Structures are given as structure tokens and as C-alpha cells.
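Every number here is computed from the coordinates shown, using simple stated rules; none is lab data. Everything numeric here is computed off the predicted structure, so don't read it as measured data. FYI the Cβ positions are ideal-geometry reconstructions off the backbone, even for glycines, and counts take in every protein chain you see.
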Amino acid sequence: MSHRTLNYIRPEMTDYQREIMDCPERFACIEASTKSGKTLCMVVWLLERALECKANQSVFWVAPVFMQSKIAFDRMRNQISQRGFFKVNETRMSLTLPHGAIIEFKSGDNADSLYGADCYAAVLDESSRMGEDVWVAIRSTLTATNGPAKLIGNVRGRKNFFFKMAQKAKAGEQNYFYKKITCWDAVNAGILLKEEIEDAQRSLPEYIFQELYMAEPGEDGANPFGMEHINRCIGSLSTFPAVVYGIDLAKKQDWTVIVGLDQFGNIAHFDRFQKDWKQTKETILSLPNALITADATGVGDPVLEDIARERTVEMVIYTPRSKQMLMEGLAYALQNRKITILEGIMKDELESFEFVYSANGVQYSCPAGMHDDVVNALALAVKNFEGQSQIGQYCVY
């Protein structure tokens, strides 16, 4: 059997990329800013581990879902300048090196499928978005080989196995390495632009910026708006007309809520009631003319279709993603004092609102037994508010 000599040159890396690649500890936990170069250096690290393996020995890349693993799969293929270097199996998402070692790209959505074959090294990408059962499965495949593993990801609250492992590593657990990479580390390394980070800090809700860019965990089940920001935005009912309305329609025992914002971001209209659909429709049609943004999820959809024949209405269907975007927009408006709110039920609902992390992402809701109709209506009003250059001019704090 003939043997080929492989000439490998590691790509240029930043100091922190080399540190996490070359740490001697067996297990590494890397809490890092988005777009800080953690994925790139882990692709290179896993390739290097595969180069050390023998024929038919495997290393694993594991991500929460198939498409995320596919991103790493494509990056690995493009990492090598020599065409045809890998034997590519698109179906199995595997790359076989010339000497027979295999790099396998797997999904963590079914932990049971990860058991079985021995693994000689592993990367768990977006570890904070995977369940502990994925780590248990991968850890078992590393047992016979004594293989190393790198766990990387953004910070996502505290109630996940990755945060707990990172805390253990940070505390100096034997054979564990810990590294925190912030957006400013990436700026100093020339990976991210300072102006881009400053813009993200201005435009994103504070708690999201802290987690995604500063690698600082929030409290699971915490308030996404911030009590201090809520209190600073309390004002009185405006005497100016509303330029936008947000409407959350009643379902079962809930309330229909109408919130209007004037051109300066102050509350110009607030109504909360329980009526039949005929009365609800009449109430909405009697509003002064302005753009209406309303929740069209479920039973309210036919009512809004009738209203849309006579008024300009944007109908919003709630999905986990659309709800997240609405609440992040409201959080930004409150944290940057772009709007005012009213004492009473509006303030109470904002203070009781929570965000929690789940397997499907961030979920926003009120505690059991409470209402979030006012919060939803306010978020819908903020969505299409167009007077941002003047917001706050007449705010009373």
C-alpha cells in the first residue's frame, strides 16, 4: 500500500483562536460572542484531529439541527484548497480524508442516534441550544478513545447544561478549559468592526446584546424589558391624536386591548374591554383614522377581515419568531425611552412579563394565571410607529 505525504499549513488565527485550539485540557467550554470566529477555528481544529486519526476512525461535528451542521460541512469542504482532497458523502454528511479518517457532521435533534460508533474528537456547536442528552451521548462515544471535545456557543440564560459545564470549567475543574470571547475581543483581533458593534448595542434590546455579544447570561424567566426601563418610561395620557394603533383581540377569558401612540411616542389611546365580536368590530371602526396593526391569530381573523374592508389594517399572525421580533422591538423602545407607558394595568403587565429559553428558542409570555393582552397591543403599536425622530419630545418621566 502506498502512503501519501500531506502538506498541511494551519490558516492564520487570532491569539484567542489559537488558545482555544491548543489548550491541553481534554474538554473546553467556549462562551463567545456571535461572529467572533469560534466556528472557523473549530473547523480547523477538527480537521487537524482527523489528520491524526487512522483509517476508518471518526471525529464528529454536532449542531442542534441539520442545517447548522450543513454550514460546518460546507465550510470544511471549502477549507482545503486542493480539489478532490475529500471523498464527499452528501447523504451521510461525511468527509473522508485521503488516509481514510472520517469527519462526520451530525444533528443533535435526536440524541439516541449519536450513540454507537467510537469518536476520536468532537465539536459541539451552539451547545447552549442543545439538551444535556446530546452531551451525554457524545461523552459516551469518547470513552473508549479518550478523545477530546470542544463545546462552543453563544450564552443563552443559565438553565442549560452548557452554562453549568462552563461554570465548572471556569472554576478550575480538572481537565476542563474555559474561555470567554466578547465582541470587543473580536474587534481588537480585527474580526469584527467597532462601528458594527456600536450599532448593535444601540439597536438591540440590552439583554440580547449582553448575551449575544458580551457572553453575559441573563436570568431564565427574567423580565425582557427591565424594571428600571419600565419605570423611566411612565407618563400621562397624551392629548395629541394617535398615529398608529395596536390591537390584541380577546380570546376566551382574555381582554381586547387597543393602544394608540401619538407622533411623539406617547400613549394617545388606551382601551381594555370584553365585548362580543359585533361590539368589538364597531369599537375598532369608530377609532380615528390611523394605521391599525392587529393580532390575527385564531378566532379574531374573520373580524379583522371585515374591518380591513373599511380600514387600513396590518394583520399579524403570532409565531414564535414573530412574537420574538415584536417583543424585542418593544424592549428596544422601552430601554431607549422611545415611548411612554401608563401607570396601572399597562405597567403591571410589563413588569410581570417573562422570557424563557426552550428547545425552540426564546419564548415570551406572562406567568400562569395572568394576562399579557396589554403588552401584546403595545408591541403591535410600536411595530409600525413612524415618528421615531421625534419620539420622547413630550415624554414625561
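Given a Förster distance of 45 angstrom, what is the FRET efficiency for Q363 paired with T283, based on the Cβ-Cβ distance and rounded to 0.05?
That gives a FRET efficiency of 0.90.
Restricting to the chain, what percent of DSSP beta bridges are antiparallel, rounded to 5?
The antiparallel proportion sits near 40 percent.
Return, for the Cα atoms of segment 21-150, the radius of gyration and Dmax in Å, separated by a comma.
13.5, 38
Multiply the residue gap between Q79 and E132 by 0.36 nm, knock off their C-alpha separation, and tell me the result in nm, one decimal place.
16.1 nm
Apply 1/(1 + (r/R0)^6) to the Cβ-Cβ distance of A222 and E343, taking R0 = 22 Å, and write down the FRET efficiency to the nearest 0.05.
Efficiency, rounded to the nearest 0.05: 0.45.
Starting from the alpha-carbon convex hull of the chain, give the projected area averaged over all orientations, in nm².
The number I arrive at for the chain is 23.5 nm².
In µm²/s, what is D for segment 227-390 at 25 °C and 0.890 mPa s, where D = kT/(6 pi eta Rh) by Stokes-Einstein and Rh is the Kirkwood radius from Cα pairs?
Estimated via Stokes-Einstein, D reaches 155 µm²/s.
Along Cα→Cβ, 7 Å out, is where each label goes; now give me the distance between the ones at N175 and S203 in nm to one decimal.
Taking the simple label geometry, N175 and S203 are separated by 4.5 nm.
What ranking do T283, T340 get, fewest neighbouring Cβ atoms within 10 angstrom at the top?
Lowest count first: T283, T340.
How many angstrom lie between the Cα centre of segment 73-140 and the Cα centre of segment 197-261?
Cα centroid to Cα centroid, the span is 40 Å.
What is the ratio of the Cα radius of gyration of segment 146-283 to 2.2 N^0.38 Å, with N the residue count, to two decimals?
This ratio for segment 146-283 stands at 1.60.
Nearest 10 degrees is fine. How inclined is helix 320-335 to the longest principal axis of the chain, computing both from alpha carbons?
Here the helix axis deviates by roughly 70 degrees.
Would you mind telling me the antiparallel percentage of the DSSP bridges in segment 54-160, rounded to 5?
35 percent
Any idea what % of Cα-Cα pairs in segment 242-284 are farther than 17 Å?
Beyond 17 Å sits 32 percent of the P(r) for segment 242-284.
Could you list M370, M130, M165 so that the one with the fewest beta carbons within 10 Å of its beta carbon is first and the one with the most is last?
Least crowded to most crowded, the residues run M370, M165, M130.
Mind listing which chymotrypsin sites (Phe, Trp or Tyr not before Pro) in segment 1-58 are in a DSSP loop and have 12 or fewer other Cβ atoms within 10 Å?
Y8
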